[in-house]
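Accompanying notes for the structure given below.
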Amino acid sequence: MTDPSHSPSLPEVSFYVLATHDQQQRQDFACKLIEKIYRSGHFPYVLTDSAEQAEQIDKALWTFRAGSFIPHQTYRGEIPAFTGTILIGGENIPEGWQNIVVNLSGLYPPTTAPTERILEILDNSETCKQAGRQRYRHYQQAQLAITTHKM
């Protein structure tokens with residue numbers, strides 16, 4: 001029998017369910033959450049479905065709040081020179097950015113170490129909620145701790 005205290009810890013998952021269907025509001029919420037994570041000293045990976053979505057988040061992080069500066073870049077296989085950079089991109093998450101994943105995609109982020117937190121942001125559209133339910137079940141089956149925040 002194995003000692004569970006010696007097993008690698010499983011990531012925590014937080015779902016943020018927005019009351020709106022508006023993609024702009026979802027993007028704004030994501031930017032505020034990313035800024036909060038950055039200000040707490042962490043550098044998440046923002047998981048997106050497409051290069052186009054990654055570019056939208058990249059632009060939004062420059063403009064969502066006047067005077068806000070969050071070092072970030074779109075990940076295209078090149079590790080940034082400055083490790084304190086937030087990366088935005090697809091499912092090939094580089095080492096060093098796997099601890100916190102902000103999931104804006106329909107993909108399943110890694111649920112094993114070194115991932116510590118997965119943050120899911122869902123809008124109130126049926127498509128987004130349905131995909132979110134599937135990921136929720138996936139996380140439940142992986143026995144992850146899940147919290148849900150209705151915004």
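In terms of surrounding Cβ atoms within a 10 Å radius of their Cβ, VAL17, VAL46 rank from fewest to most as VAL17, VAL46.
Rg/Rh for the range 107-151: what does it come to with C-alpha atoms and Rh from Kirkwood?
0.95
Most mobile of ILE79, ILE93, ILE57 per a Gaussian network model of the chain (Cα springs, under 10 Å)? Maximum among the listed residues: ILE79.
Near PHE29, once Lys and Arg are set to +1 and Asp and Glu to -1 for all other residues with Cβ below 15 Å from its Cβ, the sum equals 0. Annotation: the residues SER125, SER9, SER105, sorted from fewest to most other C-beta atoms within 10 Å of their own C-beta, follow the order SER9, SER125, SER105.
Cα convex hull, the range 8-150: 105 Å³ per residue, rounded to a whole number. Candidates GLN53, VAL17, ALA81 compared by Cα position along the dipole of the range 8-150: farthest toward the positive end lies VAL17, with charges placed on Cβ.
Placing one equal scatterer on every Cα of the range 74-120 and applying the Debye formula, the log10 ratio I(q)/I(0) at q = 0.15, 0.31, 0.33 Å⁻¹ is -0.36, -1.41, -1.50.
Computed about the Cα centre, the dipole magnitude for the range 8-150 is approximately 400 debye when only Lys and Arg (+1) and Asp and Glu (-1) carry charge, each at its Cβ. Across the range 67-151, Cα-Cα pairs more than 15 Å apart make up 63 percent of the total.
By the count of neighbouring beta-carbon atoms within 10 Å, fewest first, TRP97, TRP62 end up ordered TRP62, TRP97. Over the chain, Cα pairs under 8 Å with separation of 6+ residues give a relative contact order of 39 percent.
Bear in mind these aren't lab numbers, they're just calculated from the coordinates by the rules spelled out. Remember, it's a predicted structure, so these values are computed and weren't measured experimentally. Virtual Cβ from ideal backbone geometry, glycine too; neighbours counted across all protein chains shown.
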